[in-house]
Amino acid sequence: MKLWKYKIQFAFYKLLIEKSRTFSKYKVSHGVIHFLEKPENPLMNLEITDEDVQMVSDLIAVLSRALESLVFPDVSGFEKNFRWIQEFCKSFD
């Protein structure tokens with residue numbers, strides 16, 4: 001299982017909640033997934049760190065600039081893992 005994908009998803013949800021007008025009074029510290037399939041442990045509780053949130057914020061900013069400028073780097077050389085997101089963001093510097 002790719003835990004980093006869930007951490008990114010949770011960090012994105014944290015940003016959405018804490019930056020919204022309706023829910024900004026809430027602070028998100030972790031996320032829980034309850035899997036419907038029957039893995040060994042059907043519940044997953046992951047802490048959302050400041051580093052996770054910063055990385056997702058950086059990714060959003062980079063993607064926003066790419067969409068606005070219509071300039072997209074070639075990502076075919078990146079290995080699809082947690083580190084590639086950081087490398088992708090750096091490719092826009």
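From the Cα gyration tensor of the chain, with a ≥ b ≥ c the square roots of its eigenvalues, which class applies: rounded if a/c is under 1.5, or else prolate if a/b is larger than b/c, or else oblate? Taking the square roots of the gyration eigenvalues as a ≥ b ≥ c, the chain is oblate. Whenever you get a sec, compute what percent of the accessible area on the chain sits on carbon and sulfur atoms (1.4 Å probe). Heavy-atom surface of the chain belonging to carbon and sulfur, 1.4 Å probe: 57 percent. Using C-alpha pairs below 8 Å separated by at least 6 residues, the relative contact order for the chain is 25 percent. The GLU37 and TRP4 beta-carbon pair, evaluated with R₀ = 35 Å, returns a calculated FRET efficiency of approximately 0.95. Per-residue ellipticity at 222 nm from helix content only, as computed over the chain with -39500 (n - 2.57) for each DSSP H run of at least four residues, stands at -16500 deg cm²/dmol. What the phi angles of region 65-81 give under the Karplus curve with 6.51, -1.76 and 1.60, with θ = phi - 60°, is a coupling list of 5, 5, 5, 5, 8, 6, 10, 10, x, 6, 9, 5, x, 7, 6, 7, 8 Hz, glycine and proline written as x. Within the listed set VAL71, VAL53, VAL28, the residue fluctuating most in the Gaussian network model of the chain (springs between alpha-carbon atoms under 10 angstrom) is VAL71.
The values are calculated or read from the model by the stated rules, or taken from the named source; none is laboratory data. As the structure is a prediction and not an experimental result, all values here were calculated from the model. No Cβ is skipped: glycine too gets one built from the backbone with ideal geometry, and neighbour counts run over all protein chains shown. Each accessible area value is taken on the protein alone, full model and side chains, heavy atoms only, with ligands, DNA and RNA left out. Shrake-Rupley method; radii C 1.70, N 1.55, O 1.52, S 1.80 Å.
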